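Following: one structure in structure tokens, then a few remarks.
Computed from the coordinates by the stated procedures, all read-outs in this text should not be read as laboratory data. Not measured: the values here are computed from a predicted model. Reconstructed Cβ throughout: ideal geometry from the backbone, glycine too, with neighbour counts over all protein chains shown.
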Amino acid sequence: MPAAGPGWRPNSLTAAQWGRAVAAAVEQIRAGSLRKVVLARDLQVPTQAPINVTAALTTLAARDPDCYVFACAGLVGATPELLIQREGRQIRSRVIAGTAARGIGPAEDAAISAALATSAKEAEEHLYAAESVSQALAPLCETWPWT
């Protein structure tokens, strides 16, 4: 989380509300109505002038050139995932789960990568992400690669 600035409002949920949201998600997972949930915290930053979306996208792309940057429906961001890309009548997706911060050097990066690749938890989360996109796109497709 960046350092707080004047007028910044982190976390529109109070600590108690956040705790209840986490508890509700855990209960839904235990009940079988959810398999995975991603809870995120927000940060609201007032500005004096409209935000230059192009400049924000340029900054995000420069910060991590391996990420996909986007601006859609009022959201601006960067993600390592390519949720959906359409080129003519073809679509592709690159969803991932199990990201981790980079290590200090190549040896630590390799150890982190190996831990992610062999983790049953991370493999299950990746399966959930891939199934989610597959289920959303399959009804829209004439053919599906793995059917």
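Over all other residues within a Cβ to Cβ distance under 12 Å of Cys141, the charged ones net out to +2, with Lys and Arg as +1 and Asp and Glu as -1. Ordering Ile51, Val76, Ser12 by the projection of their Cα atoms onto the charge dipole of the stretch 3-85, which places +1 on the Cβ of Lys and Arg and -1 on the Cβ of Asp and Glu, puts Ser12 at the extreme positive end. For the stretch 41-48, 3J(HN,Hα) computed residue by residue from phi via the Karplus equation (6.51, -1.76, 1.60; θ = phi - 60°) reads 9, 10, 9, 9, 10, x, 10, 7 Hz, glycine and proline entered as x. Computed over the chain with a Gaussian network model linking Cα atoms closer than 10 Å, the most mobile of Val53, Val45, Val22 is Val45.
Could you give the length gained on full extension between Thr118 and Thr143, defined as 0.36 nm per residue of separation minus the Cα-Cα distance, in nm?
Numbers: separation 25, 0.36 × 25 = 9.00 nm, distance 3.16 nm.
Here the segment from Thr118 to Thr143 would lengthen by 5.8 nm.
If exposed means no more than 14 neighbouring beta carbons inside 10 Å and the site is in a DSSP loop, what's the longest run of the chain without any exposed chymotrypsin sites (Phe, Trp or Tyr not before Pro)? Numbers along the way, then the final one.
Values: sites that count: Trp8, Trp146.
Longest stretch, sites excluded: 9-145.
The charge dipole of the chain, taken about its Cα centre with unit charges on the Cβ of Lys, Arg, Asp and Glu (plus for the first two, minus for the last two), comes to roughly 360 debye. Would you compute the Debye intensity of the stretch 52-96 from its alpha-carbon atoms alone, equal scatterers and no solvent, and pass along log10 I(q)/I(0) at q = 0.21 Å⁻¹ to two decimals? Scattering profile of the stretch 52-96, log10 relative to I(0): -0.75.
Please give the contour-minus-distance gain from Ala21 to Thr47: 0.36 nm per residue of separation, less the Cα-Cα distance, rounded to one decimal in nm. Don't skip to the answer; put the middle values down first.
Details: separation 26, 0.36 × 26 = 9.36 nm, distance 2.91 nm.
Between Ala21 and Thr47, full extension yields 6.5 nm more.
Label-to-label distance, Thr58 versus Ala100, with points set 7 angstrom from Cα along the beta-carbon direction: 3.6 nm. In loop segments of the stretch 1-87 as defined by DSSP, the trypsin sites (Lys or Arg not before Pro) with at most 11 further C-beta atoms inside 10 Å of their C-beta are Arg41.
Here the relative contact order of the stretch 8-88, from alpha carbon pairs under 8 Å that lie six or more residues apart, stands at 23 percent. GNM remark for the chain: springs join alpha carbons under 10 Å apart, and the peak mean-square fluctuation among Leu75, Leu116, Leu137 falls on Leu75.
Computed over the chain, relative contact order equals 14 percent, with contacts defined as Cα pairs under 8 Å that lie 6+ residues apart.
Once you treat every alpha carbon in the chain as an equal point and sum by Debye, what is log10 I(q)/I(0) at q = 0.16 Å⁻¹? For the chain at q = 0.16 Å⁻¹, log10 I(q)/I(0) is -1.33.
Add -39500 (n - 2.57) for each DSSP H run of 4 or more in the chain, then divide by its residues: what number comes out at 222 nm, to the nearest 500 deg cm²/dmol? List each step's numbers first, then the result.
On the way: 4 runs with 58 residues, N = 147.
The per-residue figure over the chain is -13000 deg cm²/dmol.
Which longest run of the chain has no exposed loop site in it, a site being GluC sites (Glu not before Pro) in a DSSP loop with at most 16 other beta carbons within 10 Å, and the site itself not part of the run? Before the final figure, lay out the partial values.
Values: sites that count: Glu81, Glu142.
Answer - 1-80.
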